[in-house]
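Below you'll find the structure, written out as structure tokens, and then a few comments.
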């Protein structure tokens with residue numbers, strides 16, 4: 001063979017060897033960088049042999065595999081049903097040669113942790129299965145958010161059903177005491193608007209409830225010709241539960257509408273005093289809410305039966321587990337509502 005041809009072949013071999021070496025160096029660098037990046041995450045890498053004993057683990061210090069050592073099996077690091085389930089899934093992967101994914105709950109003395117496990121078969125350069133390789137990623141916070149969302153959805157469903165029941169009761173009560181369809185529509189719309197206003201406050205507080213002062217202002221101010229200048233509100237402020245907020249708001253609406261139509265808010269100079277206080281009865285703390293009208297028209301004994309008497313005396317107190325008194329005094333209407341302690345919480349001064 002001519003010397004020139006031998007030099008060309010040697011040059012080609014050298015170049016091929018150089019490319020291979022550089023490719024291997026690049027692959028090693030990429031693998032090193034990837035592992036270094038993974039070390040800053042909560043993902044654990046692991047490999048197991050055909051007998052499902054751990055060959056190596058990476059970044060396992062904060063995972064359920066923190067105590068695992070080379071040669072251990074899942075029965076050495078997991079307990080009971082968790083170990084049985086993990087071993088069964090991995091054995092099936094070796095049999096079917098198909099990847100799998102499952103969530104693994106780990107119960108500790110303080111809480112429960114969750115991990116997302118993804119596994120596939122591990123093969124050598126010839127394609128022969130030599131075990132499994134997988135990843136483990138902690139998803140505890142995700143599971144907590146999911147559980148919180150489920151709880152909120154159940155709460156929304158529960159409250160929606162309660163709200164529909166309230167609306168149904170209001171529709172029936174309003175229809176029973178309305179003489180015409182237009183009258184029914186006006187009264188029913190007013191009550192629905194009252195519920196909507198109270199619901200807005202409840203929603204703004206993330207379903208904690210509604211503070212009494214805000215509820216009074218929202219429900220009463222719109223019906224007072226001179227605004228809150230005609231309304232004196234004093235006493236203890238509390239957070240009403242969502243249920244109590246809707247029904248107390250409804251009671252305030254009924255009282256304000258009646259006062260604006262026939263009572264103290266229907267004439268110049270009329271006054272409404274709203275007072276809230278805590279009352280101890282038989283060892284139980286109650287919220288006492290009082291509505292007192294003065295300087296208004298003389299109250300007739302034959303009051304309008306269409307006034308929301310049933311709402312004030314039955315629907316509202318029954319819904320909050322309390323009691324109510326409605327008194328038609330000549331000098332002005334008076335209403336007292338007692339709300340049990342489980343329907344409100346005190347606002348820190």
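Ordered by the number of other Cβ atoms lying within 10 Å of each residue's own Cβ, fewest first, 218, 228 fall into the sequence 228, 218. Could you please state, rounded to a whole Å, how far the C-alpha centre of the stretch 119-133 is from the C-alpha centre of the stretch 29-45? Going from one Cα centre to the other spans 21 Å. The relative contact order of the stretch 146-346, computed from alpha carbon pairs under 8 Å that lie at least 6 residues apart in sequence, is 18 percent. Shown is the FRET efficiency for residue 50 and residue 208, computed with R0 = 45 Å from the Cβ-Cβ distance and rounded to the nearest 0.05: 0.20. Structural descriptor for the stretch 40-176: relative contact order 21 percent, calculated from alpha carbon pairs under 8 angstrom and at least 6 residues apart.
Computed from the Kirkwood radius of its Cα pairs, the Stokes-Einstein diffusion coefficient for the stretch 146-346 at 10 °C and 1.306 mPa s stands at 91 µm²/s. Against the main long axis of the alpha-carbon atoms of the chain, helix 242-261 sits at an angle near 30°. Built from the Cα atoms of the stretch 41-138, the convex hull projects on average onto 6.1 nm², one quarter of its surface area. Over the chain, the fraction of Cα-Cα pairs per 10 Å bin, rounded to whole percents and listed from the shortest bin up, is 5, 18, 18, 10, 8, 10, 11, 9, 5, 3, 2, 1, 0, 0. Here the residues 181, 299, ranked from fewest to most Cβ neighbours within 10 Å of their Cβ, fall in the order 181, 299.
Note down the relative contact order for the chain as a percent, whole number, built from C-alpha pairs under 8 angstrom at least six residues apart.
Numbers: 517 pairs, mean separation 34.0, N = 349.
Across the chain, relative contact order equals 10 percent.
Under the rule a/c < 1.5 gives rounded, and otherwise a/b versus b/c splits prolate from oblate, where does the stretch 60-117 land using the Cα gyration tensor? Here the stretch 60-117 falls in the prolate category. The separation of the stretch 55-80 from the stretch 200-264, counted between C-alpha centres, amounts to 60 Å. The ranking of 184, 46 from fewest to most other beta carbons within 10 Å of each one's beta carbon is 184, 46.
None of the figures in this text is laboratory data; all of them are computed from the coordinates on show. In this text the structure is predicted, and so the values were computed from the model without any measurement. When we count neighbours, we look across all protein chains shown, and the Cβ atoms used for this are built from the backbone with ideal geometry, even at glycine.
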